[in-house]
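Visitor: Attaching a single structure in structure tokens format; questions to follow.
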Amino acid sequence: MNHDQMPLSHSIDVTQPSVARMHNYYLGGKDNYPADRQVCERLLEHAPSTQILTINNRRFLQRVIRHLILEHGVRQFLDIGAGLPTRDNVHEIAQRYTGDARVVYIDNDPMVLAYGRALLEDNDQTAVIQADLRDPEGILDHPRVADLLDLSEPVAALYVSVLHCVPDDAAPAALVRRAAARLCPGSLLVISQLVSEDAATRHVITDFMRESTGGNWGAVRRTKDVSSFFTGLDILEPGLVDVSTWRTDASLDPRQHTREWIEYGGVGRVP
């Protein structure tokens, strides 16, 4: 497949921790470096539930893709802030349920782009493009998106565990609304975000992550902040919840034994 091309080999700083590589480490991946692992271990001191929370958020992604395909007939996915390839990526989950699923991955992390393009080289129903999630118009106008997705038909836009990387001054709720405005009726937005109702937890972890990632972090927010991301959307049942409880079909998922923060969100439909 033809990918959005740019030189990447000299743009990966392995000394600067990356949120994408931290997720990869917590999910048992091998595409991370000592700087990432050190920050992950330090974060566990502040929030011991973080690794289990990350695993459960991934399982939420698996459940939601299955539900959107089987119950809503969705065949097109836009994974915004996709992160590093791991086991059970969006295209692998989706194509397990329907062979005609098409997926575009969006990220601006050079390592994500390099690894993603290598992984998907022979899959002509997927693409990986470099774009900033704060520019929904630029994403939806990208020629590779136009090549692969039919925006006159419903699309599922995935903002899974990524909006906490967007600072308040970039207005994450507004950028979600801008994306929704460009999608046809019946499209769906899947959103999850790290939240805590404890002010001290929000401040400590936000400051820690902002310092550790060189400013590539937004904020841990409150549940009411995340609710504002869904303004104008019809929220699917069971509503906005701790995503580890969203349409669970088994009791096999690991439990969070501490709850200093949770991943909160759900699915909204464009009316």
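Visitor: Please go through the stretch 217-247 and give me each residue that is in contact (Cβ under 8 Å) with a residue 60 or more places away in the chain and under 17 Å from Thr54 (Cβ atoms), ordered by number.
Guide: Trp217, Val243, Ser244, Trp246
Visitor: While we're on this one: From the list Gly239, Gly266, which residue is out of contact with any helix residue (DSSP H, G or I) (no Cβ under 6 Å at 6 or more places or on another chain), surrounded by 12 or more Cβ atoms within 10 Å (Cβ to Cβ) and small (Gly, Ala, Ser)?
Guide: Values: Gly239 fails: surrounded by 12 or more Cβ atoms within 10 Å (Cβ to Cβ).
On inspection, the qualifying residue turns out to be Gly266.
Visitor: Take the conditions among the β-branched types (Val, Ile, Thr), surrounded by 15 or more Cβ atoms within 10 Å (Cβ to Cβ) and more than 16 Å from Arg134 (Cβ to Cβ) and apply them to Thr223. Does it pass?
Guide: For Thr223, the condition - among the β-branched types (Val, Ile, Thr), surrounded by 15 or more Cβ atoms within 10 Å (Cβ to Cβ) and more than 16 Å from Arg134 (Cβ to Cβ) - is met.
Visitor: Further, regarding this structure: Cβ-Cβ distance below 7 Å, separation of 6 or more or different chains: which pairs start in the stretch 90-103 with a residue that is among the polar types (S, T, N, Q) and end on one that is at pLDDT 95 or above and part of a loop (DSSP other than H, G, I, E, B)?
Guide: Sorted first by the residue in the stretch 90-103, then by its partner, the pairs are Gln95/Ala101; Thr98/Arg75.
Visitor: Let me ask another. Name every residue in the stretch 101-121 that is at pLDDT below 75, among the aromatic types (Phe, Trp, Tyr) and not in a helix (DSSP H, G or I), in order of residue number.
Guide: Result: no residue meets the conditions.
Visitor: For the stretch 247-260, indicate whether the set of residues that are buried (at least 22 other Cβ atoms within 10 Å of the Cβ) and of a type outside the set (S, T, N, Q) is non-empty.
Guide: No.
Visitor: Next up: Here are some conditions: (1) surrounded by fewer than 17 Cβ atoms within 10 Å (Cβ to Cβ); (2) at pLDDT 95 or above. Gly215 meets all but one. Which one does it not meet?
Guide: Unmet condition: (2).
Visitor: When only residues in the stretch 175-224 that are of a type in the set (Asp, Glu) and out of contact with any helix residue (DSSP H, G or I) (no Cβ under 8 Å at 6 or more places or on another chain) count, which is farthest from Val162 (Cα to Cα)?
Guide: Here the residue is Asp198.
Visitor: Shifting gears a bit: For the stretch 122-149, which residues satisfy the criterion of being over 19 Å from Arg178 (Cα atoms), of a type outside the set (Asp, Glu) and assigned to a helix (DSSP H, G or I)?
Guide: Arg144, Leu148
Visitor: Which of the residues belonging to the stretch 24-49 are in contact with a Leu (Cβ under 7 Å, 6 or more places away or on another chain) and either surrounded by fewer than 21 Cβ atoms within 10 Å (Cβ to Cβ) or among the acidic types (Asp, Glu) (or both)?
Guide: Within the stretch 24-49, Gly29, Asp31 meet the criteria.
Visitor: Check Thr126, Thr54, Thr86 and return the single one that is under 19 Å from Tyr159 (Cβ atoms), in contact with a strand residue (DSSP E or B) (Cβ under 8 Å, 6 or more places away or on another chain) and of a type in the set (Ser, Thr, Tyr).
Guide: Working: Thr54 fails: in contact with a strand residue (DSSP E or B) (Cβ under 8 Å, 6 or more places away or on another chain); Thr86 fails: in contact with a strand residue (DSSP E or B) (Cβ under 8 Å, 6 or more places away or on another chain).
Step by step, each of Thr126, Thr54, Thr86 is checked, and only Thr126 is under 19 Å from Tyr159 (Cβ atoms), in contact with a strand residue (DSSP E or B) (Cβ under 8 Å, 6 or more places away or on another chain) and of a type in the set (Ser, Thr, Tyr).
Visitor: Another question about this same structure. Given the options Arg182, Arg177, name the one that is surrounded by fewer than 20 Cβ atoms within 10 Å (Cβ to Cβ), within 28 Å of Ser244 (Cβ to Cβ) and not aliphatic (A, V, I, L, M).
Guide: Of Arg182, Arg177, the one residue that is surrounded by fewer than 20 Cβ atoms within 10 Å (Cβ to Cβ), within 28 Å of Ser244 (Cβ to Cβ) and not aliphatic (A, V, I, L, M) is Arg177.
Visitor: Something else: How do the helices (runs of 4 or more DSSP H) wholly within the stretch 1-98 filter down when requiring 1 or more residues that are modelled with pLDDT under 95 and under 27 Å from Gly138 (Cα atoms): which remain?
Guide: 19-26, 50-72, 90-97
Visitor: Kindly check whether there is at least one residue in the stretch 179-186 that is touching a Leu at 6+ places or on another chain (Cβ under 8 Å), within 20 Å of His46 (Cα to Cα) and modelled with pLDDT of 95 or more.
Guide: No, the stretch 179-186 contains no residue that is touching a Leu at 6+ places or on another chain (Cβ under 8 Å), within 20 Å of His46 (Cα to Cα) and modelled with pLDDT of 95 or more.
The values are calculated or read from the model by the stated rules, or taken from the named source; none is laboratory data. Since we're looking at a predicted model, the values are computed, not measured. Glycine gets a Cβ as well: all are built from the backbone with ideal geometry, and neighbour counts include every protein chain shown.
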